[in-house]
Amino acid sequence: MSHNTPLSGIHLKFIACAAMCTDHACKVLAGGTAYGHVLSDTVGRIAFPIFAYLLLEGFLHTRDRRKYALNLLVIAVISEPLFDLALHGSWFCPGRQNTCFTLLLGLLLLICLEKCEMSGKLMMILPVAAVFAAAFWFLKVDYDLAAFGIFLILYFCKYQAPWFAGLLISTVLVIGFQTPGAYLCILPLYFYNRQRGRITALSKYLFYAFYPGHLAVLAFLCYA
């Protein structure tokens with residue numbers, strides 16, 4: 001896709017955040033209604049594929065992967081009780097971990113796969129993949145094995161057109177969760193110009209803060 005297309009990385013972040021907030025708001029505030037279910041399974045399903053693709057972009061272009069992983073870990077830990085309270089009604093729910101843990105595992109998987117490839121130890125890819133598949137499953141991160149499949153696909157399709165990667169990873173979600181709304185992510189990815197966009201240090205941390213922040217607001221609205 002040409003760099004003349006209108007959507008940069010920051011636009012994709014806005015779209016993904018809006019879709020995620022819609023999904024969670026529908027589940028927390030309108031989970032028992034027909035329109036809440038429809039919005040969650042359509043608009044809400046485009047969030048994770050976009051976040052996963054943006055993680056790939058961060059993996060490819062960030063100057064400090066260790067800091068990137070640490071940021072994800074900090075936000076995941078901060079968000080976990082809020083995630084449990086907003087979506088599961090308890091401050092502690094070990095049966096499901098929040099999406100930042102999913103993204104952190106995805107980043108570590110991408111790093112390990114690259115190390116195998118760059119060192120020429122291609123036979124190590126299978127055991128590495130098996131270890132991470134087990135981690136995604138046993139740690140009960142959001143999207144579990146479907147997320148593992150998505151990051152595996154993203155690594156091997158990292159130089160393909162964004163919309164094509166979106167098609168593949170949406171198909172994984174549809175197979176795993178029967179949510180065809182995930183295919184809607186193809187449209188913003190088609191118009192993605194592979195440019196980062198104008199992101200300041202403040203806006204970067206505001207995006208990080210949005211995840212625990214919107215969960216805190218939803219928990220307050222639900223239980224206050």
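Which of the residues that make up segment 10-45 are in contact with a Gly (Cβ under 7 Å, 6 or more places away or on another chain), surrounded by 20 or more Cβ atoms within 10 Å (Cβ to Cβ) and closer than 18 Å to residue 163 by Cβ? Selection gives 19, 45.
Do we have residue 7 as surrounded by 17 or more Cβ atoms within 10 Å (Cβ to Cβ) and closer than 14 Å to residue 195 by Cβ here? Here the answer is yes, as residue 7 does meet what is asked. Within the set 113, 103, the sole residue that is at pLDDT 95 or above, over 13 Å from the mean Cα position of the chain (by Cα) and surrounded by 17 or more Cβ atoms within 10 Å (Cβ to Cβ) turns out to be 113. Note on segment 2-63: enclosed helices (runs of 4 or more DSSP H) holding 1 or more residues that are modelled with pLDDT of 90 or more and under 12 Å from the mean Cα position of the chain (by Cα) are 9-29, 47-61. Just wondering, is there one or more residues in segment 91-104 that are touching a strand residue (DSSP E or B) at 6+ places or on another chain (Cβ under 9 Å), in a loop (DSSP other than H, G, I, E, B) and of a type in the set (D, E, K, R)? Within segment 91-104 (the criterion being touching a strand residue (DSSP E or B) at 6+ places or on another chain (Cβ under 9 Å), in a loop (DSSP other than H, G, I, E, B) and of a type in the set (D, E, K, R)), the answer is yes, since at least one residue qualifies.
Here's the yes/no breakdown for (1) over 20 Å from residue 184 (Cβ atoms); (2) in contact with a helix residue (DSSP H, G or I) (Cβ under 6 Å, 6 or more places away or on another chain):
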{"site": "21", "(1), (2)": "no, yes"}
{"site": "29", "(1), (2)": "yes, no"}
{"site": "40", "(1), (2)": "no, yes"}
{"site": "75", "(1), (2)": "yes, yes"}
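The one condition from (1) modelled with pLDDT of 95 or more; (2) in contact with a helix residue (DSSP H, G or I) (Cβ under 8 Å, 6 or more places away or on another chain) that residue 134 does not meet is (2). Looking at this structure, is residue 68 among the aromatic types (Phe, Trp, Tyr), within 16 Å of residue 207 (Cβ to Cβ) and surrounded by fewer than 20 Cβ atoms within 10 Å (Cβ to Cβ)? For residue 68, the condition - among the aromatic types (Phe, Trp, Tyr), within 16 Å of residue 207 (Cβ to Cβ) and surrounded by fewer than 20 Cβ atoms within 10 Å (Cβ to Cβ) - is met. A Cβ distance below 9 Å, combined with a sequence gap of six or more or placement on separate chains, defines the contacts here; from segment 157-181, residues that are free of Cβ contacts under 8 Å to residues at least 60 places away in the same chain and at positive phi reach residues that are surrounded by 16 or more Cβ atoms within 10 Å (Cβ to Cβ) and outside any loop (DSSP other than H, G, I, E, B) in the pairs 178/41. From the list 151, 164, 177, the lone residue that is closer than 16 Å to residue 53 by Cβ, among the aromatic types (Phe, Trp, Tyr) and out of contact with any helix residue (DSSP H, G or I) (no Cβ under 6 Å at 6 or more places or on another chain) is 164.
The single condition among (1) polar (S, T, N, Q); (2) crowded, with 21+ Cβ neighbours inside 10 Å; (3) at pLDDT below 95 that residue 79 does not meet is (3).
The residues of segment 119-145 that are part of a helix (DSSP H, G or I), surrounded by 13 or more Cβ atoms within 10 Å (Cβ to Cβ) and either in contact (Cβ under 8 Å) with a residue 60 or more places away in the chain or aliphatic (A, V, I, L, M) (or both), listed by number, are 124, 125, 128, 129, 133, 135, 145.
Exactly one residue among 200, 171 is farther than 18 Å from residue 99 by Cβ, β-branched (Val, Ile, Thr) and modelled with pLDDT of 95 or more, and that residue is 171.
The values are calculated or read from the model by the stated rules, or taken from the named source; none is laboratory data. Bear in mind that the values here come from a model prediction, so they are computed numbers and not experimental data. Using ideal geometry, Cβ is built from the backbone for each residue, glycine included, and neighbour counts are taken over all protein chains shown.
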